[in-house]
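The values are calculated or read from the model by the stated rules, or taken from the named source; none is laboratory data. Since the model is a prediction, treat every value here as computed from it, not as a measurement. As a convention, Cβ positions derive from the backbone with ideal geometry for all residues, glycine included, and neighbour counts pool all protein chains shown. Accessible surface is based on the protein model in full, side chains and every heavy atom, while ligands, DNA and RNA are left aside. Shrake-Rupley method; radii C 1.70, N 1.55, O 1.52, S 1.80 Å.
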Amino acid sequence: MATATQTIPMEKSVAAYVAKPRLMLINGKWVPAASGKTFPTYNPSTGEILCQVAEGDKEDIDRAVAAARAAFDKGPWRNFTPSERGRIVWKLADLLEKHAEEFAQLESLDNGKPITMSRIADIPTSVDQLRYYAGWATKIEGNTIPISAHGAKFLAYTLREPIGVVGQIIPWNFPLVMATLKLAPALAAGCTVVLKPAEQTPLTALMLGELVQEAGFPDGVVNIVTGYGETAGAALAAHPNVDKIAFTGSTEVGKLIVHAAAGNLKKVSLELGGKSPNIVFQDAEIESAIPGAANAIFFNQGQVCCAGSRLYVEDKQFDKVVEGVSQLASKIRLGPGMESTTQMGPVVSEEQMNRVCSYLESGFSEGAKAVVGGSREGTKGYFVKPTVLVNTNEKMKVVREEIFGPVVTVMPFSDVDDLVARANNTPFGLAAAVWTRDIKKAHRIASELRAGTVWINCYGVLDSAMPFGGYKQSGWGREMGHEMLNLYTEVKSVCTPIS
Ligand code: ADP
């Protein structure tokens, strides 16, 4: 029986939230941009303006960095005990959980993603990240170091200290998840933060700012400046009083961040693009591999840095897998984010839709064929049909470059060594997956793939506790897990003679 589609009625508080222009959080106050300018954020399901938002630029970044600097250098934040820091981050998680439905709705309105996904994936993930790092606040430890030099006895130990003022620039694909993943470890470690959300999706980060205040963070510890990348983002990346910049976004902008950060040699961590190989061997459990491969590319409209966008299938199973993934793709219900039956929403913006469609055109001009999809859907909103491309090879742009949309290229293979070389033949190295029943083969291939995460007989499993990040041009450093605390701490060695 078909389920009746229902448009989720907007919570009153969400309707009220988007009805007013949104301000920025600087030094504990909600303020307009110094220039007085605002910019629109759109509902990608309709293409209509959803809300006006303060358009921060260099001057606002200067104010926010000054507030974060003062909060770090002078306190009271630096006098909070680790336990107090942990409790306040945990309190933020509790508040977010309490307001989960409002955040889920606002996320779906601003980003376009299905409300069912915001409810079961985005918001609970954000809550979990906050709790995970709240627990770490009391467990950031140094070591005692045995010293051999100089013939005397020494006591030497290391301290892990907060790195200082952190600039965090985040993308639009998981707006709230990216905000909490950046904020939680930085705050647990004792840093202060200036967060710059993506201009396409600033709303849930701003609403989180309200909860940051309710949780009781001192003024200036968390500042949220909305605005465009070329202005606000660039000013933050270049700022001489910022000690560290954490960026998630495109590889292209990641390189700009590195250049901008060179002025004061601030520390940089980057989580960038991917073109992840998803490898299905003929001895795989095909009934799991097919939906696994479909989900690997179609989840979140394909707007996932670790999406399984290059699907390699061993010869004998090629037709079956192409048919299976295509069938699943053709059944995906496209619709507005706020409809209860929507399985795939629009992509985030008109620009992104045009970008994905121009990749499709480029693929067709180079000889690719769409088994399903291959174009925009409808004329209202920014929908792209889930697309399965065959007749593709590694010379084509659609196979080499990150499309960041619901487009998978499927390619056959026969020889394993050749397959590994093809899978690794990319400037990226974020993730990869192997589907096989042969345990030895699975682990051997996992060791040979140059990627920060390798899934075996699953795809896209991420967890607050499991490090994630890229080899090669997919990034610098690892986020999630205790590894991420290294990005927000400096190691200090202390040494003294004791004889
Ligand atoms: P996408 O191409 O997927 O939109 P981007 O890498 O352009 O991703 O954007 C990710 C984040 O980087 C956004 O918050 C955006 O505003 C910001 N950004 C874009 N350009 C710059 C820049 N030159 N300097 C700093 N931040 C930028």
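About its Cα centre, the dipole of segment 277-466 is roughly 200 debye, where the only charges are +1 on Lys and Arg Cβ and -1 on Asp and Glu Cβ. About the centre of its Cα atoms, the chain shows a dipole size close to 800 debye [charges on the beta carbon of Lys, Arg (+1) and Asp, Glu (-1) only; nearest 20 debye].
Stokes-Einstein diffusion for segment 348-499, with the hydrodynamic radius set to the Kirkwood value over Cα pairs and evaluated at 4 °C in a medium of 1.567 mPa s, equals 71 µm²/s. Find, among the trypsin sites (Lys or Arg not before Pro) in segment 111-168, those assigned to loop by DSSP (not H, G, I, E, B) with at most 10 other beta-carbon atoms within 10 angstrom. Hits after loop and neighbour filter: Lys153.
Which whole-number value in Å³ per residue fits the convex hull of the alpha carbons of the chain?
Dividing the Cα hull volume of the chain by its residue count gives 159 Å³.
For Thr489, nonlocal amide neighbours, meaning residues 5 or more places apart or on other chains whose placed amide H falls under 5 Å from its own, are Ile163.
Out of the GluC sites (Glu not before Pro) in segment 377-437, which ones are loop residues according to DSSP with at most 14 other C-beta atoms within 10 Å?
Here the sparse-neighbourhood loop sites are Glu394.
For segment 430-494, trypsin sites (Lys or Arg not before Pro) are listed when DSSP marks them as loop and at most 13 other Cβ atoms sit within 10 Å of their Cβ; the list is Arg437. Assuming a ≥ b ≥ c are the square roots of the Cα gyration tensor eigenvalues, decide whether segment 61-135 counts as rounded (a/c under 1.5), prolate (otherwise, with a/b larger than b/c) or oblate. Cα axes put segment 61-135 in the oblate bin. The modelled label-to-label distance for the pair Ile147/Lys12, using points 7 Å beyond Cα in the direction of Cβ, is 6.6 nm. Projecting the Cα positions of Gly112, Ala234, Val356 onto the charge dipole of the chain (unit charges on Cβ atoms of Lys, Arg, Asp and Glu, taken about the Cα centre) puts Ala234 furthest along the positive direction.
From the alpha carbon centroid of segment 44-117 to that of segment 308-333 is 39 Å. Using a/c under 1.5 as the rounded threshold, could you call segment 17-142 rounded, prolate or oblate? The axes a ≥ b ≥ c are square roots of the C-alpha gyration tensor eigenvalues, and prolate needs a/b larger than b/c, oblate otherwise. It is oblate, given that a/c is not under 1.5 and a/b is not larger than b/c. Fully extending the segment from Glu210 to Asp438 would add 77.0 nm, taking 0.36 nm per residue of separation and subtracting the current Cα-Cα distance.
The length gained on full extension between Leu155 and Lys369, counted as 0.36 nm times the residue separation minus their Cα-Cα distance, comes to 70.3 nm. Which of Phe404, Thr426, Gly292 sits closest to the plus end of the dipole of segment 277-466, meaning its Cα is farthest towards the positive end, when Lys and Arg get +1 and Asp and Glu get -1 on the C-beta? Going by the charge dipole, the pick is Phe404. When the listed pairs Lys29/Lys196; Lys395/Lys440; Lys113/Lys385; Lys244/Lys492; Lys267/Lys492; Lys29/Lys244 are checked against a 19 Å cut-off, the alpha-carbon distance exceeds it for Lys395/Lys440; Lys29/Lys244. Where both partners of a DSSP beta bridge lie in the chain, what percent of those bridges are antiparallel, to the nearest 5? If we restrict to bridges inside the chain, about 45 percent are antiparallel.
Summed over the residues of segment 83-191 and divided among them, the accessible surface reaches 36 Å² per residue at a probe radius of 1.4 Å. Here's the picture: charge each Lys and Arg Cβ at +1 and each Asp and Glu Cβ at -1 in segment 277-466, and of Gly335, Asn278, His443 the one pushed furthest to the positive end of that dipole is Gly335.
Which percent of the accessible heavy-atom area of the chain goes to carbon and sulfur, probe 1.4 angstrom? Carbon-and-sulfur percentage of accessible area, whole number: 54.
Rounded to the nearest 500, the 222 nm mean residue ellipticity of the chain from helices alone is -11000 deg cm²/dmol, with -39,500 (n - 2.57) taken per DSSP H run of at least 4 residues.
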